[in-house]
Amino acid sequence: DTGNGEQLYECPMCSLTCTNIQILEEHVNLHLEEQNFSEGGNIRDLELAQRLQTEEDKRQRSEEEKREREEFKKLQRQYGLDNSGGYKQQFLKNMEREVDRGRMQPFDYHKRKADMMECLAFGIDDGKTKTSGVIEALCKYYQDENKDVRHVWLSTGVDHFHSSLGDRGWGCGYRNFQMLLSSLLQNSLYNDCLRDTTLIPSIPKIQSMIEDAWREGFDPHGASHFNNRLHGSKAWIGACEIYSLLTSLRIKCQIIDFHKPTGPMGTHPRLFEWVLRYYSTDNEGGAKVVCTSKPPIYLQHQGHSHTVVGIEEKKNKTLCLLLFDPGCPAQEMQKLLKQNSDGTSLKLLRKFVGSLKEKQYQIVAVDGVLSLEEKAARCQASQVLTSEKIP
């Protein structure tokens, strides 16, 4: 009441005073309508923002899944697990390409195809990429030449195998196994283990042999990586597959894992020291050249593998590995067979400490024969752990 008999009405929302109740009602209704409009707008804005964010999240997930699929397919292609065929298919495809380019005559194509099919049917390597006699030539060379070498230890005889039209780009692990096997076949200690393997097997045959080892129970984790199948693929293999195959044949071996550098600039001097002990144990003495009875060593790193066939000790005490590389063609390896070699061809084999700078290396070293009981125990152990780490 204003005191003069006039009634005032106060807005409960903004304290505005009115003299008429109808005006106040209209005023309050305007407040309510404005509030409802504002709240509705906020809700609509929130819903729109949430919908946009959901669509953006869905788009990002789709792109990430697409990238993952493409990366997975890339890895499958890289490691030969993309169902694009294996040794035979690649061999034929590359020969057809050679014919198309005029580098091979159709007659040669059909002859080589027939030869390949025959070798694959018998499961044996055709020997066309093999070089024999290198170790014997090295032994003679070191006895006659090379004044800066104090001692050298060499494996027992090893044939070199290089990649062919059928396995170029992915076959190094299989070729290194062929090199190791060529040495074991010359050693009577392994006659019983290898009585069913008197000739060097072809790459598809080696794939089947590894699958046989998996079926026996060796390395189920590794087998699952390949979906338990190698034959007919271009799948890369490594130290674990070589270990499983050798052990399934009752050949005693071990994997040594040099899982990190042990020297400056990312080098692995402890690997060199291990190889030196492997060759020099039981072979010590004053002789400059020691042709040991030791088999060669399988050496693996990311993306490639080699075969260690010996080690040099220089007069300044530095060490140098001698490696067979499956990527080196036969015509280069045959230079090492020349009697009057001046040593320049040894660059193909020599690897000093500073030359091996991969983050990690694994070696598979053979050392005798397993009994059936020992084989069974190693099969069981391989289901848990197959390598010894060098700290």
Residue list for segment 242-259, filter: open to solvent by 10 Å² or more (accessible area, probe 1.4 Å) and on the phi < 0 side of the Ramachandran plot: TYR243, SER248, LEU249, LYS252, GLN254, HIS259
From ASP108, ASP159, ASP125, ASP115, which residue is buried (at least 20 other Cβ atoms within 10 Å of the Cβ) and farther than 30 Å from VAL289 by Cα? ASP125
Go through segment 344-356 and count every residue that is more than 15 Å from VAL309 (Cα to Cα) and loosely packed, with under 14 Cβ neighbours inside 10 Å. 3
Those residues of segment 187-198 which are assigned to a loop (DSSP other than H, G, I, E, B) and surrounded by 14 or more Cβ atoms within 10 Å (Cβ to Cβ), in sequence order: ASN187, CYS193, LEU194, THR197
Scanning segment 207-231 for residues that are over 18 Å from the mean Cα position of the chain (by Cα) and more than 11 Å from LEU245 (Cβ to Cβ), the one surrounded by the most Cβ atoms within 10 Å (Cβ to Cβ) turns out to be GLY217
Subset of segment 276-303, residues assigned to a strand (DSSP E or B), of a type in the set (A, V, I, L, M, F, W, C) and either at pLDDT below 90 or surrounded by fewer than 21 Cβ atoms within 10 Å (Cβ to Cβ) (or both), comes to VAL289, VAL290, CYS291
Anything in segment 234-259 that is at pLDDT 95 or above and among the basic types (Lys, Arg)? List them, or say none. ARG250, LYS252
Might you let me know whether segment 252-268 holds any residue that is within 26 Å of GLU136 (Cα to Cα) and of a type outside the set (S, T, N, Q)? yes
Out of all the residues in segment 208-216, is one or more assigned to a loop (DSSP other than H, G, I, E, B), touching a residue at least 24 places away in the same chain (Cβ under 8 Å), among the aliphatic types (A, V, I, L, M) and within 23 Å of SER155 (Cβ to Cβ)? no
Please work out which residue is nearest to the chain's Cα centre (by Cα), limiting yourself to segment 172-196 and to residues that are closer than 25 Å to GLY327 by Cβ and free of Cβ contacts under 8 Å to residues at least 60 places away in the same chain. GLN178
Within segment 65-88, is even one residue at pLDDT 85 or above, of a type in the set (D, E, K, R) and assigned to a helix (DSSP H, G or I)? yes
So which residues in segment 162-176 are open to solvent by less than 10 Å² (accessible area, probe 1.4 Å) and assigned to a loop (DSSP other than H, G, I, E, B)? GLY166, ASP167, GLY171
On the given criteria, is ALA239 surrounded by 21 or more Cβ atoms within 10 Å (Cβ to Cβ), more than 21 Å from VAL308 (Cβ to Cβ) and aliphatic (A, V, I, L, M)? no
Do you know which residues across segment 134-155 are in a loop (DSSP other than H, G, I, E, B) and either open to solvent by 30 Å² or more (accessible area, probe 1.4 Å) or modelled with pLDDT of 95 or more (or both)? GLU145, LYS147, ASP148, SER155
Assuming SER244 fulfils every condition listed in (1) closer than 19 Å to GLN360 by Cα; (2) in a helix (DSSP H, G or I) apart from one, which condition is it? (1)
Return the residue satisfying two criteria in turn: it lies in segment 318-337 and is in contact (Cβ under 8 Å) with a residue 60 or more places away in the chain and out of contact with any helix residue (DSSP H, G or I) (no Cβ under 8 Å at 6 or more places or on another chain), and of such residues it is nearest to ILE135 (Cα to Cα). GLN334
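The values are calculated or read from the model by the stated rules, or taken from the named source; none is laboratory data. Because the structure is a prediction, the values reported are computed rather than measured. With ideal geometry, Cβ positions are generated from the backbone for all residues, glycine too; neighbour counts draw on all protein chains shown. Heads up: the accessible areas ignore ligands, DNA and RNA and are worked out on the full protein's heavy atoms, side chains in. Shrake-Rupley method; radii C 1.70, N 1.55, O 1.52, S 1.80 Å.
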